[in-house]
Amino acid sequence: MGLLVYLNGKMVPEEEAKISIFDHAVLYGDGVFEGLRSYNGKIFKLDEHLERLYISAKAIMLKIPLEFSEMRKAVIETVKVNNLKDSYIRIVVTRGIGDLGLDPTICKNQSVFIIASKLQLYSESFYEKGLEIVTVPTRRNLCESLNPAIKSLNYLNNILAKIEAMNCGAMEGLMLNNEGYISECTGENVFIIKKKKVFTPPVYAGTLPGITREVVIEIVKNMGLEVKEMLLTRYDLYSCDECFITGTAAEIMPVTCVDKRIIGEGKQGPITKKIRESFRRLVDTEGVPVYE
Ligand code: PXG
């Protein structure tokens, strides 16, 4: 593809962008990341994503070697040098090079890299038809162990869930927390609509505080509908009128089948459609311009 990647202050060709095998990101999954998008040359919710990145880093006592404003500039520059308009952006901060022991305090040279790449989009027919999801056996990490609010490089909990979903022939896995309440999908937050009211699990149910989730909550409020953060069971999903999942990559994806129970009429519901239209208008108009 010939991308230029930001790596520790320099733009380097992708095949030359390398980090050490002694970096604790490689040895232990020790680090944090973010996934963002640009739409038509504007980066959507850039500051919100950066804030989450710095909070994730603080939670694991990882010092990001760039000031917020420098990171912001580096992200914009990475999209710019690759001449991208619609892109997927990945920011990664690693713990840095250490030895073969867990101790993070000896790690030097935290690495920061930023990849801006072309988007792999789900086809429009997916959004019309909606996804089939299944509940997976692997429970979402306990908030008291590895809090799902931290967007760390340690994604095995989600990857195991993804494998289990795919083993069942579904594209997404619905994860429960240790108490059996709905937490989220492997890389998306979950919403349901019942009698024109919108519900989503609270962050303490073991979810990432998704940026798209926040945007959708605002959209729903502006539509004059009630939105409630509430613990949800699988029964709530089986018995709802509409269901959708949200994330930077998937945007707002209707869910039309949960554990073989058909949701609504088995296609994108009318309120989900309206929320998606408002979301589209937002991403088309808002965002931090790259080319100015
Ligand atoms: N839950 C989890 C566990 C996530 O990783 C979301 C919810 C949605 O959050 P945002 O802030 O994006 O609305 C995420 C985000 C990918 C990819 O490449 C995954 C995410 C974001 C971007 C790309 O699969 N996950």
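Every number here is computed from the coordinates shown, using simple stated rules; none is lab data. Every value quoted in this text rests on a predicted model; they were computed, and no experiment measured them. No Cβ is skipped: glycine too gets one built from the backbone with ideal geometry, and neighbour counts run over all protein chains shown.
A DSSP coil position with no more than 15 other Cβ atoms inside 10 Å describes the following trypsin sites (Lys or Arg not before Pro) in the range 1-93: Lys18, Lys63, Lys85.
One way to sum up the overall shape of the range 4-117 is the equivalent ellipsoid from its Cα gyration tensor, whose semi-axes run 25, 16, 10 Å, largest first. For the chain, averaging the sequence separation of C-alpha pairs within contact (under 8 Å, six or more residues apart) and dividing by the residue count gives a relative contact order of 19 percent.
Helical content of the chain, expressed as a calculated mean residue ellipticity at 222 nm, amounts to -8500 deg cm²/dmol (DSSP H runs of 4 or more residues, -39,500 (n - 2.57) each, divided by residue number, nearest 500). Counted over the chain with a bin width of 10 Å, the fraction of Cα pairs per bin, in whole percents, is 6, 27, 33, 24, 9, 1.
Loop-only check: which GluC sites (Glu not before Pro) in the range 28-81 are DSSP coil with at most 15 other Cβ within 10 angstrom?
Glu67
Based on the reciprocal of the average 1/r between different C-alpha atoms, the Kirkwood radius for the range 148-292 equals 15.7 Å. The calculated FRET efficiency for the pair Lys197 and Arg281, based on their C-beta separation and a Förster distance of 22 Å, comes to about 0.45. Sorted largest first, the principal axis extents computed over the alpha-carbon atoms of the range 66-194 equal 45, 41, 28 Å.
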